[in-house]
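What follows is a single structure, written as structure tokens, with notes after it.
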Amino acid sequence: MEKFIPVVVIKELSETDKILTALKNNNINCAEITFRTACAAEAIAHAAKNYPDMEIGAGTVINAEQCEKALAAGATFIVSPGLSPDVAKICKEKNVPYYPGCVTPTEIMAALELGITIVKFFPANVYGGLKALKALSAPFPQVKFIPTGGVDRSNIDEFLSFDKVAAIGGSFFVKESLDKMEV
């Protein structure tokens, strides 16, 4: 797993190459392309075909239908804002990593019951940030987190220094990479 998971919103298929090239130029070889737009599946398929050295996943996957479309397009991992047992089942059957959003002990226990030990912690800033992750890690030492939402350059090092953080997710990686490309 990459340490940085950029959350990528592609509104038009033509944006895919510019964004993925910017990420690669910034030494980021991963992209979570969100299922929030009409061209998400097309963008994932394009990315999977044209950027085989990158981990291309699908984000904001909220149901089984979207999961199936994302996997058919070539997604190598699935991310959700919450926990979907249907999505978890599909990913388990296809041996694809699934990172559901879990912020409460009950949600984390539900993920564990499904065999999931890496969860997205979203929105991290709203649900207590690093302090909350440390508190949740005590009863769940087997769980690692991907904090997303409210993580940026001002606090990324604090999150990365905690051994229960598997990776950092965020859209700020895309903005930074594009800004560097335009300089």
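The values are calculated or read from the model by the stated rules, or taken from the named source; none is laboratory data. Worth saying up front: this structure is predicted, and the values here are computed from it rather than measured. Quick reminder, even Gly has a Cβ in these numbers, built from the backbone with ideal geometry, and neighbours come from all protein chains shown. These area figures cover heavy atoms from the full protein model, side chains too; ligands, DNA and RNA do not enter into them. Shrake-Rupley method; radii C 1.70, N 1.55, O 1.52, S 1.80 Å.
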Margin query: Taking the conditions exactly as written (charged (D, E, K, R), in contact with a strand residue (DSSP E or B) (Cβ under 7 Å, 6 or more places away or on another chain) and either within 22 Å of Ser171 (Cβ to Cβ) or open to solvent by 60 Å² or more (accessible area, probe 1.4 Å) (or both)), does Glu68 satisfy them or not?
Written below: no
Check: Which residues, taken from the range 71-106, are surrounded by fewer than 20 Cβ atoms within 10 Å (Cβ to Cβ) and among the small types (Gly, Ala, Ser)?
Finding: Ala72, Gly74, Gly82
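This table checks each residue for (1) within 17 Å of the chain's Cα centre (by Cα); (2) part of a loop (DSSP other than H, G, I, E, B).
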site: Ala110; (1), (2): no, no
site: Leu136; (1), (2): no, no
site: Pro139; (1), (2): no, yes
site: Gln142; (1), (2): no, yes
site: Phe145; (1), (2): yes, no
site: Val151; (1), (2): yes, yes
site: Phe159; (1), (2): yes, no
site: Asp163; (1), (2): no, yes
site: Lys180; (1), (2): no, no
